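Below is one structure; the comments refer to it alone.
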Amino acid sequence: MKILVTGAAGFIGSKLSWLLAKRGDTVIGIDNINTYYDPNLKYARLKENGFDLPLDGLRSKTIPETGNDGSVVEYPEIPWGNSFQSNKLPNLYFIRMDIADREALPHLFENEKFDKVMNLAAQAGVRYSIKNPFAYIESNIVGFMNILECCRYNKIKHLVYASSSSVYGMNTKVPFSEDDEVISPVSIYAATKKSNELMAHSYGKLYGIPSTGLRFFTVYGPWGRPDMAPMLFATAISHGKPINVFNNGDLIRDFTYIDDIVNGTIQVIDKTPKASQCPNNVPVKVYNIGCSHPVKLMDFIREIEQALGTMAKKNFLPMQQGDVYQTNADTTKLEQEVGYQPKVQIHEGVSRFIEWYKGYFKI
């Protein structure tokens, strides 16, 4: 198969692109390499996948989201639109491109004749959506519409896209089920992800485009995002700085290890919905993808402390805007219909993450 992976320099996208190509698929990954967090990490992920990129000098950017310290980060840039081939897997390619580009993306679809599409590109982050909501509309709404239109005109066999556990918003029933009503988002990020599900359904009804949305629950592991709790905790603890613990530590998260997420995503890519097996004969599915074993935030912090061999200094704070108290996935549908089976428990996952963290940052 020939598969397009958007967000291919991201945490999930880089690992997914590698494993799809390793099993024999031709994979073209795209990413706009934005500066929501340090692009150097994105380039490092691409290098890990075998891309020897021609870097075009240095740029400077203040990136407060990764630590709220207002630090200036220097990062390289690569040209837009050029195709690069991995020196490790010859069937793996990368192009710097924005999914919201209404000229470049359709041209790519027309030239490459993709069989399937995995859309992971999005403006991420719940809290940042409160600071800069327009970034979410541009990427998560306009960009996703561009993806849908390209799928429509190029007869894509299956579109898989990233939704989010944040769509459950103010739901109080746990574990969260795909059958729950999701009409109470608490951030614009969550609202855009629910919008993606509705948009995909409409294109399934109007044009018969098979699609599957994946509601990702808190993903962690090697090469993770620096704006997410695991990396923030590891960075602060290893440097002797206090960590911010919101809602005074009374939070529960369905932490899911990256390998489980990516393996489950591949299973979903391979299982195209059939209209005859879907409600109202519309070929669309939505699944939770998580660990189904939620962990108390304080227990997660203790695992990081043990792996680092250092106790954290804790700054207890109230609940943040846009956050929810508990995320807990009911993954029964994904297990029964696709065969998903997460395997990595929290102790093993955190140990692997910290081992990578020490090596990458030379701690």
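Observations on the model:
- The range 257-363: trypsin sites (Lys or Arg not before Pro) in DSSP coil with no more than 11 other Cβ atoms inside 10 Å: 274, 313, 343, 362
- Stokes-Einstein diffusion for the range 91-174, with the hydrodynamic radius set to the Kirkwood value over Cα pairs and evaluated at 20 °C in a medium of 1.002 mPa s, equals 149 µm²/s.
- By the helix-only formula, in which each DSSP H run with n ≥ 4 contributes -39500 (n - 2.57) and the sum is divided by residues, the chain has a 222 nm mean residue ellipticity of -10500 deg cm²/dmol.
- Magnitude of the charge dipole, the chain, Cβ model with Lys/Arg +1 and Asp/Glu -1, debye to 20: 280 debye
- Put in order of Cβ neighbour count within 10 Å, fewest first, the listed residues 150, 278 become 278, 150.
- Set against the labelled values [x] 20.1; [y] 16.7; [z] 22.2, mean projected area of the Cα convex hull in nm² computed from this structure falls on [y].
- For the chain, the relative contact order is 16 percent, taking Cα pairs closer than 8 Å that sit 6 or more residues apart in sequence and dividing their mean separation by the residue count.
- Whole-angstrom gap from the range 267-282 to the range 166-184, using each part's C-alpha centre: 22 Å
- Kirkwood Rh in Å, taken over all unlike Cα pairs in the range 1-120: 14.7 Å
- GluC sites (Glu not before Pro) lying in DSSP loop within the range 138-246, provided at most 16 other Cβ fall within 10 Å: 181
- Label-to-label distance for residue 23 and residue 321 is 4.2 nm, based on points extended 7 Å past Cα in the beta-carbon direction.
- Partner lysines for residue 155 [C-alpha distance under 28 Å; skip if fewer than 8 residues away on the same chain]: 2, 15, 22, 113, 116, 193, 194, 205, 271, 274, 285, 333
- The charge dipole of the range 267-336, taken about the Cα centre with unit charges on the Cβ atoms of Lys, Arg (+1) and Asp, Glu (-1), comes to about 120 debye, rounded to the nearest 20.
- Taking the centroid of alpha carbons for each part, the range 133-148 and the range 101-115 are 17 Å apart.
- Evaluated on the range 256-324, the Kirkwood hydrodynamic radius is 16.1 Å, with distances taken between all distinct Cα atoms.
- By the count of other C-beta atoms within 10 Å, a proxy for reagent exposure, 201, 107, 239 are ordered fewest to most as 239, 107, 201.
- Of the residues 164, 139, the one with the fewest other Cβ atoms within 10 Å heads the list, and the complete ranking is 139, 164.
Readers should treat all values here as calculations from the given coordinates under stated rules, not as data from a laboratory. What you see is a predicted model, and the numbers here were worked out from it, not measured in a lab. Cβ: placed from backbone, ideal geometry, glycine included. Neighbour counts: every protein chain shown.
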